[in-house]
Amino acid sequence: MTKKKLLLATLTLATTFPFAAAADPYMGVNYTHTRTDDIVGNMDFNALAVKGGYQFTDWFALEARYGSGRSTQTERGLNFDYPGIVIEETYNLKMKDYYGAYALFSLPNATMFKPYLVAGYSEASFKLKITGTIPGYYPVSFTESDKVDSPSYGIGLNINFSEHLTANLEYMRMIDDSYLELDALSVGLGYRF
């Protein structure tokens, strides 16, 4: 599913609810720290995300997010592919971006703290660049991009400082695939219109 289709589906769904006219729109930014757990081990990435959505009731909201990666992981090593040939390799892996559409289910209460559950769908894209040197030959370089998507789920806490200004803290299993798990810890600020 492409980014445009996912965001269009979220906005269409949000505006077709009978109570959409009474919904409160909101926007915000999140700083997200992600950690992968895959076949090669753990890697950490940082991203800056924008979010927007509609708060339909005290307990239900729909939200779309887009995040852009801000860090690259580098690993160096030696590869013994052929007998007698040692290739010095450098791996640069970057989370290019991610996006998703989510439903948030809050626990309404009379305090400024509103815990919530979040569930939806995410897609993250990664770029891998491998560079190497074979002694006596020219350097070699290889680049590949890949996208991974899956259902997402998590838990969070909204803090309402005023009628309009909010902050949030959230943990999400963004990607839960057979060969990749991507966990995200986010902090953010939001504004309700």
Residues other than ALA184 with Cβ under 12 Å of its Cβ, Lys/Arg counted +1 and Asp/Glu -1, net out at -2
Charge tally for neighbours of TYR153 with beta carbon under 10 Å away, counting Lys, Arg as +1 and Asp, Glu as -1, is 0
Env charge @ ALA167, Cβ radius under 13 Å, K,R +1 / D,E -1, value +2
A correct Karplus calculation of ³J(HN,Hα) over region 169-175, with 6.51 cos²θ - 1.76 cosθ + 1.60, θ = phi - 60°, whole Hz and x for Gly and Pro, returns 10, 8, 10, 9, 8, 6, 10
Phi-derived 3J(HN,Hα) across region 68-74 with the Karplus relation (6.51, -1.76, 1.60, θ = phi - 60°), rounded Hz, x for Gly and Pro, is 10, x, 10, 8, 10, 9, 10
Heads up, region 91-193 by the C-alpha gyration tensor (a ≥ b ≥ c square roots of eigenvalues; a/c under 1.5 rounded, else a/b over b/c prolate, else oblate) looks prolate
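Read-outs: derived from the displayed coordinates by stated rules, not from any lab. All of these numbers come straight from a predicted model, not from anything done at the bench. In this analysis, Cβ positions are derived from the backbone assuming ideal geometry, glycine residues included, and neighbour counts consider all displayed protein chains.
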